[in-house]
Amino acid sequence: MKTVYVFNGPNLNLLGTREPAVYGSATLSDVQRLCEAACARHGLTLDFRQTNHEGVLVDWLHEAGRAQAAGTALGAVLNAGAYTHTSIALHDAIKGTGLTLIELHISNVHAREAFRHHSFIAPAARAVMAGFGVAGYALAIDGLVQLALPSGDA
């Protein structure tokens, strides 16, 4: 059984209380349950994590890239939070490992402040999802499954 990694960056531990008009009322535990259900539907295991530290995310991306190269991981979903707009290190970690990754945002970042419109992660990601609320996590897991299918089987 392959693993899907779901990595969450800074301030996502505050889901449910941080700007509920933007991010909704679901907690990070609720998001984890959504991801567990999505993985179960596809016969996958879930490795779900959150950190407020950029270097930890880099280390986790390296780990997931090694697991994918070893054939034990399908890929990763990354909600890098504000690091999306600032971190060349995350971009380099994704590119350097060859990890299949979907960049995820709960809100539609393109409908928000201008500084949120640029992503350093998007050029290294296989896909980008934004604006589906926390339901986007399950959609992103479904997307990883689709990306893993042989060409033409989607």
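The values are calculated or read from the model by the stated rules, or taken from the named source; none is laboratory data. This structure is a prediction, so every number in the text was calculated from the model and none was measured. When we count neighbours, we look across all protein chains shown, and the Cβ atoms used for this are built from the backbone with ideal geometry, even at glycine.
Checking the conditions here, which among 106, 88 is surrounded by fewer than 17 Cβ atoms within 10 Å (Cβ to Cβ) and β-branched (Val, Ile, Thr)? Break it down stepwise before answering.
Details: 106 fails: surrounded by fewer than 17 Cβ atoms within 10 Å (Cβ to Cβ).
Matching residue, one of 106, 88: 88.
Looking at the stretch 59-114 only, could you name the residues that are farther than 17 Å from residue 8 by Cα and in contact with a Ser or Thr (Cβ under 8 Å, 6 or more places away or on another chain)?
Correct list: 66, 67, 68, 69, 72, 73, 74.
Applying the selection to the stretch 98-143, what residues are at pLDDT 90 or above, not hydrophobic (A, V, I, L, M, F, W, C) and not in a loop (DSSP other than H, G, I, E, B)?
Let us first name the residues in the stretch 98-143 that are at pLDDT 90 or above, namely 98-106, 119-143.
From what is left, the residues that are not hydrophobic (A, V, I, L, M, F, W, C) are 98, 100, 103, 105, 119, 123, 126, 131, 133, 136-137, 142-143.
Correct list: 103, 105, 123, 136, 137, 142, 143.
Go through the stretch 27-50 and count every residue that is in contact with a helix residue (DSSP H, G or I) (Cβ under 8 Å, 6 or more places away or on another chain) and farther than 25 Å from residue 70 by Cα.
3
Of everything in the stretch 33-55, what is in a helix (DSSP H, G or I) and either of a type in the set (Phe, Trp, Tyr) or within 22 Å of residue 134 (Cβ to Cβ) (or both)? Give them in sequence order.
Here is the first cut: in the stretch 33-55, the ones in a helix (DSSP H, G or I) are 33-41, 54-55.
33, 34, 35, 36, 37, 38, 39, 40, 41, listed by residue number.
Scan the stretch 134-153 for residues that are within 16 Å of residue 40 (Cα to Cα), of a type outside the set (A, V, I, L, M, F, W, C) and surrounded by 15 or more Cβ atoms within 10 Å (Cβ to Cβ) and report the count. Give the derivation first.
Here is the first cut: in the stretch 134-153, the ones within 16 Å of residue 40 (Cα to Cα) are 135, 137-146.
With the extra rule that they be of a type outside the set (A, V, I, L, M, F, W, C), the set shrinks to 137, 142-143, 146.
Keeping just the survivors that are surrounded by 15 or more Cβ atoms within 10 Å (Cβ to Cβ) gives 137, 143.
Number satisfying all stated conditions: 2.
Being exposed (fewer than 14 other Cβ atoms within 10 Å of the Cβ) and among the β-branched types (Val, Ile, Thr) narrows it down to one of 27, 17, so name that one. Spell out the reasoning first.
Details: 27 fails: exposed (fewer than 14 other Cβ atoms within 10 Å of the Cβ).
Residue meeting the stated conditions: 17.
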